[in-house]
Amino acid sequence: MFAASSKWRRSLSLPTQPSPMEGREMSAYRRRVLCCVLVVLLLSIVPIAACPPEDESPILLSLTVLDVGQGDAILITTSDDYTMLVDGGPRGASDVILRVLRDNNISMIDVLIVTHPDADHIGGLPEVLQEIPVLRIVDTGLSAESQIYDRYFSMISTFSIPVSHDRTGSSFALGPATVRVLWPGGDLPKRRNESSIVVELVYGEFSALLTGDVEAESEGTMVQLGLLSQVDALKVAHHGSSTATTAAFLDVVRPAIAIISVGEGNRYGHPSDEVLSRLSSFGAETYRTDFDGSVTLETDGRTWRVDTEHPRVLPEPEHSSDPDTRPEMEGVYCGSKNSDVFHYTWCKHVESIKPANRRAFSTREDAIAAGYRPCTTCEP
């Protein structure tokens, strides 16, 4: 603007000693020219104000539970170039992690969360830390007496990576998303699994709960403290072990989808049939890395979709084909017209109740109000 005004002033320089008449005529002429300049300047500004910029494309957030066998490795990225890795899988998982990072042109990790120092969660990290710069690590502060932990710790020292031991109530930003640390609290449980870092990832209206290997005791404490809320997606704890993902926990979080990171044919029998039935009874659609390969969830903060590495091939359900012995899956609780006991729908005793004699209840209170008492096996 000012450069243009200067140019006009130079082109309209006046005689050094004008006559009075010449001065008046020149003044009028200058006023007319200045008015023209102002009009031109205003016209150049108005179109800019009248034409707002086009809406930018929404930022996408991608969460991928990588198929690393019997272990956990979760990669979270945003389309504005923020990256977080949660755990590093078992030994050998670095091949998968580094390949995915390279395929997606990711040259740096903003945050690495190590939920706990078990080998199936840190096994691939030494190689990843050697190849990819990491700006910050969040872990529990617990150590492990293992060679793989020593290698992991050595890499942290070698590259002077800042480490923090975040606790319940802390949070940090990952680009447009927020990562909330729900667990552990101030005093760490004695068992490493129970001390696993649990985080809720929130982006707009979407939320996902990542639970490490946390088990029933810590799940129960989080429920009692009111730390949990309903989420869209759940990374199932401890590879689907029966020691976690309790009914009381699911009754609060009620995920639309559940993802289990588990190795094909593993010797632990993961995931547990109990947990699979429990997830189904609460309406969750379950994905498994041993069947689906890597599972990717993508969201713009309002809507989301799930993609799998392999075409979906669901396992045959392990229950009788006789319709009279199939458990009723309507409602959360089930009772019999011939007894005063009610159960979770996944309880083994439900299979012995004929469909014609079953009563479904949406809440525990409804069952008790109808005169039923809790089953001592499934303890609803």
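The values are calculated or read from the model by the stated rules, or taken from the named source; none is laboratory data. It should be emphasised that the depicted structure is a prediction, and the values quoted were computed from it without experimental measurement. As a convention, Cβ positions derive from the backbone with ideal geometry for all residues, glycine included, and neighbour counts pool all protein chains shown.
Below are the figures for this structure:
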quantity	calculated
Residue that is at pLDDT 95 or above, closer than 21 Å to S196 by Cβ, in a helix (DSSP H, G or I) and in the same structural domain as T303 (by TED's automatic domain parsing), where the choices are I113, I148	I148
Any hit, segment 209-225, residues being assigned to a strand (DSSP E or B), within 18 Å of the chain's Cα centre (by Cα) and in the same structural domain as D139 (by TED's automatic domain parsing)	yes
Residue satisfying all of: in segment 234-292; in a loop (DSSP other than H, G, I, E, B) and among the hydrophobic types (A, V, I, L, M, F, W, C); surrounded by the fewest Cβ atoms within 10 Å (Cβ to Cβ) among these	A256
Residue among I148, I156, I137, I197 that is touching a residue at least 12 places away in the same chain (Cβ under 8 Å) and in contact with a Leu (Cβ under 6 Å, 6 or more places away or on another chain)	I137
Selection within segment 202-244 - of a type outside the set (G, A, S) and at positive phi	H238, H239
Failed condition for H121, given (1) within 22 Å of the chain's Cα centre (by Cα); (2) at pLDDT 95 or above; (3) surrounded by fewer than 24 Cβ atoms within 10 Å (Cβ to Cβ)	(3)
Members of segment 139-160 found to be surrounded by 16 or more Cβ atoms within 10 Å (Cβ to Cβ), touching a strand residue (DSSP E or B) at 6+ places or on another chain (Cβ under 8 Å) and more than 14 Å from H116 (Cα to Cα), listed by number	I156
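Residue-wise test of (1) under 30 Å from R267 (Cβ atoms); (2) not hydrophobic (A, V, I, L, M, F, W, C).
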| position | (1), (2) |
| --- | --- |
| R180 | no, yes |
| V199 | yes, no |
| V202 | no, no |
| E205 | no, yes |
| A208 | yes, no |
| G226 | no, yes |
| D232 | no, yes |
| A237 | yes, no |
